[in-house]
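The values are calculated or read from the model by the stated rules, or taken from the named source; none is laboratory data. Please read all numbers here as calculations on a predicted model, not as lab measurements. Because the Cβ atoms are built from the backbone with ideal geometry, glycine has one as well, and the counts that use them run over all protein chains shown.
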Amino acid sequence: MLKGRHLVDPQDFSIQELESIFELTQEIINKPEDFNSICHGKILSTLFYEPSTRTRFSFEAAMLRLGGGVIGFSEPGSSSVAKGESLADTLRTVAAYADIIAMRHPNEGAPKHGIKYCPVPLINGGDGGHQHPTQTLTDLFTILESKGRLDNLTIGCCGDLKFGRTVHSLIKAMSRYENVKFILVSPKELQVPDYIRTEILEQRNIQFQEVERLEEVIDQMDILYMTRVQKERFFNEADYVRLKDSYIVDLKKLKDAKEDLAILHPLPRVNEIAIEVDEDPRAWYFRQVKNGMFVRMGLILKLLGVK
């Protein structure tokens, strides 16, 4: 069903196709030893045109744990890109050596352009501020794991909702499920872009509210998806000083939260989640990191058609 396909946007796959990836991911988690040589002889190429730690390591660890090999570069200066080679030629060349490619690129739309020239499955590992589909799959799987469902949920998104591509992708992806509500917590300067509000939330009649203070609404949430608020995003420092503590999750704020709240974060964090929260059973963000590797293992197997 997914063999030979590309993943550029989370919407590229139907809900049923996502379910098949998540079912396989759970099988891998349950019995990883059954999968440790299943990709023997297969090669993943990681083409990272901008720096990354978690995403690149996660892809590489996924393929290595499946028994496959990895080639690639972690910055374009160490490749023929530095000589002026086009993206199309790079993909055509690398596809001659590798069975599947994971690419991160600073230019929005680069993966969509690249699939025209790529004869093997291409996975978008992030393109500028646009899409990060494997992070979205990881988020969905972690929500499913923590709640047992992807419908009938109230999801809180907190922090920089204007520039946060992970939040935009999550809202789009979760909007396909029944009876999902959103609580969007951010300063006015960092509210979700108009297109998310009008083309996704309003057009699909999805319930949502926008507030400035997390403590006013945390008791309503099933999921809290945190992102970092950067001082430089504010028009004046006074507003930042007034609001900055509203976007820090600590144990005091969690006193009003549900006992089964799941706190997610795409990482890296700075100070938006206090260290004291790490030991709270509601902290799912490090589990989320590990899930990213397992989800990518499932995705690689599906796109390669390995059984």
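Just a few scattered comments:
- When residues in the stretch 24-41 are screened for being in a loop (DSSP other than H, G, I, E, B) and in contact (Cβ under 8 Å) with a residue 24 or more places away in the chain, 6 of them pass.
- Residue within the stretch 219-232 that is assigned to a loop (DSSP other than H, G, I, E, B) and over 27 Å from residue 54 (Cβ atoms) present: no
- Being in a strand (DSSP E or B), modelled with pLDDT of 95 or more and touching a helix residue (DSSP H, G or I) at 6+ places or on another chain (Cβ under 8 Å) is a property that residue 44 has.
- Checking each residue in the stretch 152-193 for being assigned to a loop (DSSP other than H, G, I, E, B), farther than 20 Å from residue 249 by Cα and over 19 Å from the mean Cα position of the chain (by Cα) picks out 152, 178, 179.
- Checking each residue of the stretch 150-160 against the condition of being assigned by TED's automatic domain parsing to the domain that holds residue 260 and modelled with pLDDT under 95 gives at least one match.
- Residue within the stretch 87-98 that is assigned to a helix (DSSP H, G or I), crowded, with 19+ Cβ neighbours inside 10 Å, at negative phi and in contact with a Pro (Cβ under 7 Å, 6 or more places away or on another chain) present: no
- Just one of (1) of a type outside the set (A, V, I, L, M); (2) modelled with pLDDT of 95 or more; (3) over 25 Å from residue 55 (Cα atoms) fails for residue 242. It is (2).
Yes/no matrix, rows are residues, columns are (1) under 22 Å from residue 164 (Cβ atoms); (2) within 23 Å of the chain's Cα centre (by Cα); (3) buried (at least 17 other Cβ atoms within 10 Å of the Cβ); (4) assigned by TED's automatic domain parsing to the domain that holds residue 120:
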| position | (1), (2), (3), (4) |
| --- | --- |
| 236 | yes, no, no, no |
| 242 | yes, no, no, no |
| 249 | yes, yes, yes, no |
| 252 | no, no, no, no |
| 258 | no, no, no, no |
| 261 | yes, yes, yes, no |
| 264 | yes, yes, yes, no |
| 278 | yes, yes, no, no |
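- Within the stretch 194-218, restricting attention to residues that are assigned to a loop (DSSP other than H, G, I, E, B) and either touching a strand residue (DSSP E or B) at 6+ places or on another chain (Cβ under 8 Å) or not charged (D, E, K, R) (or both), the residue that is surrounded by the most Cβ atoms within 10 Å (Cβ to Cβ) is 217.
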